[in-house]
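Worksheet: one structure, shown below.
Nothing in this text is a laboratory measurement; each read-out follows from the coordinates by a stated rule. Predicted model only: the values in this text are computed from it and were never measured. Neighbour counts are summed over all protein chains in view; Cβ atoms, including those assigned to glycine, are modelled from backbone coordinates with ideal geometry.
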Ligand code: NAD
Ligand code: UDP
């Protein structure tokens, strides 16, 4: 019995693959390498000293999925595969709808054919838009402010409709807040192409001298230091959340939605300060204009995941900074 990880060679998928293998659970991966490198396969094997099957190809390719479900005994799917850059999604909406929606529909079609009714889906805190208050609970209203967010919202709706049509499905929707950090080995981490959009990859490149200075987007938000607040969680904690989600699935849980975050809000300046403490003040910054579409504050209430999944993020902001920096240095050496 195996768990299929779509997009399993990406940032969150690869860390999750490690957690499953280290927990002696068989996995199969499908990834089209659109946002990762094939060498992640060897890195996962090196860390875990375990083997696994993988297929290089697109989740929208029904024939390939058919082959995967025929060749393997898949009993659950964790669906990570998708495009995830908000700014790019505004410029290329159709590409985002095509990739994210069609991959999900094709996946469900083939799952149905093979009577596989267990799925964990990677959703995002973005579905809360500008929440009415903090912290954010799972039953808050959902909305979307850009095409990426709309794909997450639509897929959540599709999964809810699927469950209404057949309540023998077990569906766990995980709404991730802001994952940061890297594997302690320094082998796996977030490695975006070109100039990073996200905060931590950008900070890391300033620290190694690849980029000159961090632009902090906005310093007049209504927060303690004027910079925006997010709920950052360590990617290894997040990966462990998927083990718990699969355990939940095996209890025939029906449809469930969980926030995965720490419940703590850190400002951009908190992150920079924590990073500078571990790196010896390597990150210079200046304040610049707010980024369009950014919200001021976003952090989760995480009680539901703790009560129902027995999951809680354990790693600290220092762990997130140290592991990110370690990965960046390692990765730079090997580029
Ligand atoms: P990632 O880009 O590192 O990983 C996604 C993987 O999916 C990549 O390896 C990519 O090559 C693959 N992929 C994309 N489209 C595919 C397709 N059609 N067929 C096969 N493979 C395909 O992203 P990530 O950060 O690991 O995110 C994983 C999931 O979590 C995504 O769905 C993302 O939207 C969601 N998410 C991420 C974050 C975040 O901050 N990283 C936050 C909330 C939600
Ligand atoms: N941010 C910043 N400078 C950067 C990248 C990000 O000040 O170069 C800020 C951004 O405005 C937000 C926070 O850092 O307040 C987290 O941004 P990120 O893009 O990592 O995640 P988001 O919450 O936008 O998905």
Scaled to the compact-protein estimate 2.2 N^0.38 Å, what is the alpha-carbon radius of gyration of region 231-335, rounded to two decimal places? 1.32
Tell me, what is the percent relative contact order of the chain, built from C-alpha pairs under 8 Å that lie six or more residues apart? 18
211, 5 arranged by Cβ crowding within 10 Å, fewest neighbours leading: 211, 5
Restricting things to alpha carbons, tell me how big region 244-305 is in terms of Rg and Dmax, in Å. 17.9, 51
Gyration tensor verdict on region 122-190 (Cα atoms; rounded if a/c is under 1.5, prolate if a/b is larger than b/c, oblate otherwise): oblate
For region 179-295, projected area of the alpha-carbon convex hull averaged over all directions, nm²: 9.4
Short version: what are the Cα gyration tensor semi-axes of region 108-260, square root of 5 times each eigenvalue, largest first, in whole Å? 33, 20, 14
Among 36, 213, 204, which comes first, then next, by fewest other beta-carbon atoms within 10 Å? 213, 36, 204
Distance between modelled label sites at residue 308 and residue 195, nm, 7 Å Cα→Cβ extension: 4.2
antiparallel share of DSSP beta bridges within region 1-146, to nearest 5, in %, is 0
Direction-averaged shadow area of the convex hull around the Cα atoms of region 175-224, nm²? 5.4
Coordinate range along principal axes, alpha carbons of region 1-65, Å, largest first: 30, 26, 16
Please report, to one decimal in angstroms, the Kirkwood hydrodynamic radius of the chain built from all distinct Cα-Cα pairs. 20.3
Computed on Cα atoms only, the convex hull of region 79-137 has an orientation-averaged projected area in nm² of 5.3
Where does the chain land at 222 nm, in deg cm²/dmol rounded to the nearest 500, when only DSSP H runs of n ≥ 4 count, each adding -39500 (n - 2.57), divided by all residues? -11500 deg cm²/dmol
Give me the angle, in degrees from 0 to 90, between the Cα long axis of helix 317-334 and the longest principal axis of the Cα atoms of the chain, rounded to the nearest 10. 80
Provide the percentage of antiparallel DSSP beta bridges, counting only those with both residues in the chain; round to the nearest 5. 5
Taking the chain as the reference, fit the longest principal axis to its C-alpha atoms, fit the long axis of helix 147-165 to the helix C-alpha atoms, and give the angle between the two in degrees, 0 to 90, nearest 10. 30
Could you work out how far helix 11-22 tilts from the main Cα principal axis of the chain, as a 0 to 90 degree angle to the nearest 10? 60
How would you classify region 1-116 from its alpha-carbon gyration tensor, with a ≥ b ≥ c the square roots of the eigenvalues: rounded for a/c under 1.5, else prolate if a/b is greater than b/c, otherwise oblate? oblate
Which residue fluctuates most in the GNM of the chain (Cα springs below 10 Å): 154, 287, 121? 287
Put a dot 7 Å past each Cα toward the Cβ at residue 250 and residue 45; how far apart are the dots in nm? 2.6
